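Chemist: A single structure is presented below for examination.
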Amino acid sequence: MQIKPILAALRRHKAGTILIALQIALTLAIVCNALFIIQERVSRLSRTTGMDESNVIAIANRYVGPATVFGPTIKTDLAAIRNMAGVEDAYATNSYPLRNGGWSMGVRLIPDAKKEITSTTLYFVDDHALRTLGVKLIEGRNFNAGEVIMLDPRKSTALPQVIITKALAQKLFADGKSLGKTIYLSQEGKPSTVIGVVEKLQVPWVGTWAGSFDQHAVLLPATLDANYQNFLVRARPGQQEAVLKALPKLLIDTNRMRVIPEEGGVRSFEDVRRRAYETDRGMAILMGIVCAVLLAITAAGIVGLSSFWVGQRRKQIGVRRALGATKGDILSYFMTENFLIALGGVIVGSALAYGMNQWLLEQFEMQRLSLVYVITGVVALLLLGQAAVLAPALRASRVSPVEATRSV
Amino acid sequence: MLKMSHLAKVYRTEVVETYALRDFNINVKEGEFVAVTGPSGSGKTTFLTIAGLLETFTGGEYHLDGVEVSKLDDNARSRIRNEKIGFIFQAFNLIPDLNVFDNVEVPLRYRGMKAAERKQRIMDALERVGLASRAKHYPAELSGGQQQRVAIARALAGSPRLLLADEPTGNLDTQMARGVMELLEEIHREGATIVMVTHDPELAARAQRNVHVIDGQVVDLAEDPRFHAASHLADTAS
């Protein structure tokens, strides 16, 4: 290997060498973190809600007019929806997974404990919810119709019976056995008994802030007596399109005193999912573009500098050839030279990548960068460097030894 | 050692063929010191580049150390250049980014020689040209004469069978040129075969034998009318 003389020669071309190494270092730092963000977003995108999402329709509904009590109106609406052709079941709720808005609350096992054990979301539902959502009850029982009350949202939200998710049960109880046990959802000290456990149900929020409790949900047997209601509807297989189209008219025919937004008022759950992750998907695409552009710029930089150096050293290459270098020796000289510069770049870049991650960690609640991304980035950049230098190096290897005898 | 028979070198473009060498014959024996002279454009540098396997030729035969070189591939030609030929160029052709030691080391590295042997040979060669104390200097820190001595050390370090020198004193003042020439003579006395291209008659006179090239051919000066015309003019002028 010719590492020593190559390093000696590079020391005499510090500016170009340092610039390219720095470019590689910065690219590595940004690409590692960008790839990490992409992975984080993609894994967020691919989380499941615990629902059987196909054939579910979500309706955002606001009652208007002088009414102050909404219980009877909600009941009439639900009866109309449930009787509609093609509908399997429906219920009214304050929120649902991926809605990106809802209630969160601290959960305690001791009523006057200063600090809650964890956070959870609250879904106010009725006995039709589990069937409509397609959520699997793995322990205990569902609510019965008699347990479901109309609840003034300004009053206490603590109800005597609750269904919780398995993830919440495992967080609250060391053995994960929660059935029949008591939890406290408010600081008023009103107990709630766990009567059922569902396998999985995601919270409404998809952001990082809810990441620590994204499978913690408490289902309460109540309909909020409020003008704002979400109706979730399960259509029979193959009927979703027809139900989706017919629902607005049915609701208006049932009661005109309401507003259903034209855009997003009645939408399939695929649409709910798509909109919920729009930012994440956009961020992943943006980061992908940033990576591609940066890698292209770095590759262009390497091609540019290598081509310049080959042009500048034509005579020197000719002399080396005259002194016995084969074409392969010249090729390997330029490839090794690039490898050494890139190696310097990726060593600095790895440190920069962790530094940048530390900053993102503090600023944007990102997770710690995994070593796998740094290793992948290092290998990718070394390969990119070798690929970028290949054409100029091949050109150098074709310089004739007779070049040594030419003046300038 | 070096034998060319009916050698031709033609440069072709779409419209014209130019003969740089035509029916070129030369035979240099082992241990000889031959000066190749001739006016500018006569083809003496082309001869040297072909002799040094830096360039291919168009026709004829060339045997170097008993090997017919026209059939050799690029790698084999590189190997012969590395092992059998030492080059001394007019412009020294040292690599500016490398110090004296690393410059002399270049051909030895291509030979795949072990570090200890390389170091020994480099120091021996530098001792021989009187520059061992400048091993860590860069070419830009040396005088022209010293640079050419480093180039000679580089050529000698590989113990070549043949030294090819292209106007070795062309870029040097008289005093430095004399020093370099004395060094070449000393190397020759130690048994090296040297072919030197020059247009300096004084230098050529110090070689054992002179070969004159005119219009791409080796000529016998005694019989060539072009030489007589030129020398007649020179006589008149003086």
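The values are calculated or read from the model by the stated rules, or taken from the named source; none is laboratory data. Keep in mind it's a predicted model, so treat the numbers as computed, not measured. Cβ: placed from backbone, ideal geometry, glycine included. Neighbour counts: every protein chain shown.
Chemist: Take the conditions under 27 Å from A:Phe269 (Cβ atoms) and either in contact with a Cys (Cβ under 6 Å, 6 or more places away or on another chain) or of a type outside the set (Lys, Arg) (or both) and apply them to A:Asp152. Does it pass?
Modeler: Taking the combined requirement at face value, the residue does not satisfy it.
Results for (1) among the hydroxyl-bearing types (Ser, Thr, Tyr); (2) under 30 Å from A:Ala210 (Cβ atoms), shown as yes or no for each residue.
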{"residue": "A:Ala300", "(1), (2)": "no, no"}
{"residue": "A:Ser306", "(1), (2)": "yes, no"}
{"residue": "A:Gly311", "(1), (2)": "no, no"}
{"residue": "A:Gln316", "(1), (2)": "no, no"}
{"residue": "A:Asp329", "(1), (2)": "no, no"}
{"residue": "A:Leu340", "(1), (2)": "no, no"}
{"residue": "A:Gly344", "(1), (2)": "no, no"}
{"residue": "A:Ile347", "(1), (2)": "no, no"}
{"residue": "A:Trp359", "(1), (2)": "no, yes"}
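Chemist: Residues A:Ser192, A:Ser212: which one is of a type in the set (Ser, Thr, Tyr), surrounded by fewer than 20 Cβ atoms within 10 Å (Cβ to Cβ) and either part of a strand (DSSP E or B) or at pLDDT below 95 (or both)?
Modeler: Step by step, each of A:Ser192, A:Ser212 is checked, and only A:Ser212 is of a type in the set (Ser, Thr, Tyr), surrounded by fewer than 20 Cβ atoms within 10 Å (Cβ to Cβ) and either part of a strand (DSSP E or B) or at pLDDT below 95 (or both).
Chemist: Could you go through the stretch A:341-357 and let me know if any residue there is away from chain B (no Cβ under 14 Å), touching a residue at least 24 places away in the same chain (Cβ under 8 Å) and within 30 Å of B:Arg154 (Cα to Cα).
Modeler: Checked against the condition, which is being away from chain B (no Cβ under 14 Å), touching a residue at least 24 places away in the same chain (Cβ under 8 Å) and within 30 Å of B:Arg154 (Cα to Cα), the stretch A:341-357 yields at least one hit.
Chemist: Do the conditions hold for B:Arg161, that is, is it crowded, with 20+ Cβ neighbours inside 10 Å, among the charged types (D, E, K, R) and touching a helix residue (DSSP H, G or I) at 6+ places or on another chain (Cβ under 8 Å)?
Modeler: Answer is no for this residue.
Chemist: Among (1) closer than 27 Å to A:Val379 by Cβ; (2) among the acidic types (Asp, Glu); (3) at pLDDT 95 or above, where does A:Glu40 come up short?
Modeler: (3)
Chemist: Ok, one more. Taking only the stretch A:361-408 into account, find how many residues are closer than 30 Å to B:Gly52 by Cα and aliphatic (A, V, I, L, M).
Modeler: Residues that pass the stated criteria total 9.
Chemist: Same structure again: Within the stretch B:139-157, does at least one residue satisfy the condition of being within 14 Å of chain A (Cβ to nearest Cβ), in a helix (DSSP H, G or I), at pLDDT 90 or above and surrounded by fewer than 17 Cβ atoms within 10 Å (Cβ to Cβ)?
Modeler: Yes: one or more hits.
Chemist: Do any helices (runs of 4 or more DSSP H) entirely within the stretch B:10-128 hold 2 or more residues that are in contact (Cβ under 8 Å) with a residue 60 or more places away in the chain and within 11 Å of chain A (Cβ to nearest Cβ), and if so, which?
Modeler: Where helices (runs of 4 or more DSSP H) fall fully within the stretch B:10-128 and carry at least 2 residues being in contact (Cβ under 8 Å) with a residue 60 or more places away in the chain and within 11 Å of chain A (Cβ to nearest Cβ), they are B:44-51, B:74-84.
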